[in-house]
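What follows is a single structure, written as structure tokens, with notes after it.
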Amino acid sequence: MLIQPDKSALGDGRLDEVESLARLKERNARDAAKNRIPDQDVLENKAAALGMPLQPNELIRRIQRLNPKIIVEPGGVRNAVAVRYPKKDEKGVETKEYVTGFYIDQPMPEFSCVVVDNRGLPLREVRGWRTVIMALIRVKALKPQQVEVVFGRANGQRATLWDKHMQHERK
């Protein structure tokens, strides 16, 4: 949300235009900072997110080998897939629940990162393969122990965030 200059302050001589603009910029920067996401400084580091890249088809092969019930089908966006998992609705009818999705047109970084706008606010996520795995762990489609055997332990700068989330999932 952009804040407009205080016109009453400009017209009566209390503040000149330069001061008013400087205060406006400071206020906008403070407001933008309030909308940052947790751990955003870490998540903006694209180089640290790269880790051990993985081809999307290899990710699909591994997750479906771990659990053949995982469904990977064309997504709603070009060059993307949707990952779904069977779930029974309140009437006991089995449906395919959307879990996550990712692009398949280039290797995936190990960890997700965020792309920010000129004010430092997140615009979009570049999905990492460990983020896909975490989503599948959360819906109980995969178990943390089997993920570690097949994909290995997370290493590098971003491993701390992964380990923090895995601690929560193991409870």
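Read-outs: derived from the displayed coordinates by stated rules, not from any lab. Only a predicted model underlies this, so the values are computations on that prediction, with no experimental measurement involved. Positions of Cβ are backbone-derived with ideal geometry, glycine not excepted, and every protein chain shown enters the neighbour counts.
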Mind running the shape call on the range 69-171? Use the C-alpha gyration tensor, a ≥ b ≥ c as the square roots of the eigenvalues: rounded below 1.5 for a/c, prolate if a/b tops b/c, oblate otherwise. oblate
With each label point set 7 Å from Cα along the Cα-Cβ vector, what nm distance links D89 and N118? 4.7
One finds, for V149 and V77 with R0 = 25 angstrom and r their Cβ-Cβ distance, a FRET efficiency to the nearest 0.05 of 0.20
Show the residues, 5+ positions off or on another chain, whose built amide H is closer than 5 Å to the amide H of A82. E73, G75
Calculated FRET value between M52 and E19, using beta carbons and R₀ = 35 Å, to 0.05: 0.10
What number, in percent, do you get for the relative contact order of the range 38-170 if the mean sequence gap of Cα pairs under 8 Å and at least 6 apart is divided by its residue count? 24
Most packed first (mean Cβ within 10 Å per residue), the peptides 139-148, 83-92 order as 139-148, 83-92
